[in-house]
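The values are calculated or read from the model by the stated rules, or taken from the named source; none is laboratory data. Note that this is a predicted model, so its numbers are computed, not measured. Note that we place each Cβ from the backbone using ideal geometry, even for glycine, and neighbour counts take in every protein chain shown.
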Amino acid sequence: MRDKQGELIGFEVDVARRVAQDAGLKIEFIPTAWDGIIPALLAGKFDVIIGGLSITPQRNLNVLFTVPYAHSGVQLAASKKSAADKTTIADYNKRSVTLAVRRGAVTVQTAKKYFPKAKLRQFDDESQAFQEVLNGNADAVLASSPKPEQMAIQYKDKLFIPFKENLNRGSEGFALRQGEFDLLNFFNNWIMLRTEDGWLQSRHDYWFKTLDWENQVAEGQ
């Protein structure tokens, strides 16, 4: 997402800026469609993915992953208008239910695992998936926690969280091209140091456990 000055903001943006600051490097952000993010890395369009990319065995066959810098899980935010009576996994695992997800994300696999009967609508951007529910075109959206919880607070008249627990738990790491072991070593040590001094947890809590940042966000984001 972007702030009112048009600059990218968010947890991963803070992480990337701090990495560059600590290494004395200039940073450039390359916004990329989610389903093409790993091919773009492999094609050399940028040097590292720091974007909430979940570590999976399938992805690890194509890229190197650092140790986790954050942990999340997948949660569901549902429409109060079309899904107010749906409070169990079984309620959403029906052909009459439409779910919105970000294309290529771990949420796609989660949706297929828990809701194989539901209709799946995939979008390049997570905000588009949420907007689909807010516009009344889908019954619920799956996303990495705590985004669903935050959106349910922000749009409390339109969204609610039907499940008490996350559907699964994941770990996010930086992704690098195969063979870049010196860079991997640097990033792993950076994550270790920023974990030990509490900086990563502090920034994670700011972005994911509060809405203190919401006044920075540009309208329509």
### Task
Show the residue pairs that are 6+ apart or on different chains and have beta-carbon atoms under 6 Å apart, the first residue being within region 57-82 and under 14 Å from residue 208 (Cα atoms), the second being surrounded by 14 or more Cβ atoms within 10 Å (Cβ to Cβ) and among the charged types (D, E, K, R).
70/172
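The rows are residues; the columns are (1) in contact with a Pro (Cβ under 6 Å, 6 or more places away or on another chain); (2) farther than 30 Å from residue 118 by Cα.
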| position | (1), (2) |
| --- | --- |
| 34 | no, no |
| 65 | no, yes |
| 73 | no, no |
| 77 | yes, no |
### Query
Which of the residues spanning region 2-25 are surrounded by 15 or more Cβ atoms within 10 Å (Cβ to Cβ) and in contact with a helix residue (DSSP H, G or I) (Cβ under 8 Å, 6 or more places away or on another chain)?
3, 9, 10, 11, 14, 15, 18, 19
### Looking only at region 27-42, and only at residues there that are touching a residue at least 24 places away in the same chain (Cβ under 8 Å) and over 15 Å from residue 123 (Cβ atoms), the one that is surrounded by the fewest Cβ atoms within 10 Å (Cβ to Cβ)
42
### Summary
Being out of contact with any helix residue (DSSP H, G or I) (no Cβ under 8 Å at 6 or more places or on another chain) and surrounded by 23 or more Cβ atoms within 10 Å (Cβ to Cβ) narrows 111, 140, 152 down to just 111
#### Entry: Conditions (1) in contact with a strand residue (DSSP E or B) (Cβ under 6 Å, 6 or more places away or on another chain); (2) closer than 23 Å to residue 122 by Cα; (3) not in a loop (DSSP other than H, G, I, E, B); number of the one not met by residue 64
(2)
#### Entry: Neighbours by Cβ (under 7 Å, 6+ apart or cross-chain): first from region 196-221, over 22 Å from residue 73 (Cα atoms); second surrounded by 11 or more Cβ atoms within 10 Å (Cβ to Cβ) and aliphatic (A, V, I, L, M)
216/9; 217/1; 221/1
### Task
Spot the failing condition for residue 153; the list is (1) under 17 Å from the mean Cα position of the chain (by Cα); (2) of a type in the set (A, V, I, L, M); (3) in a helix (DSSP H, G or I); (4) modelled with pLDDT under 95, and only one is missed.
(1)
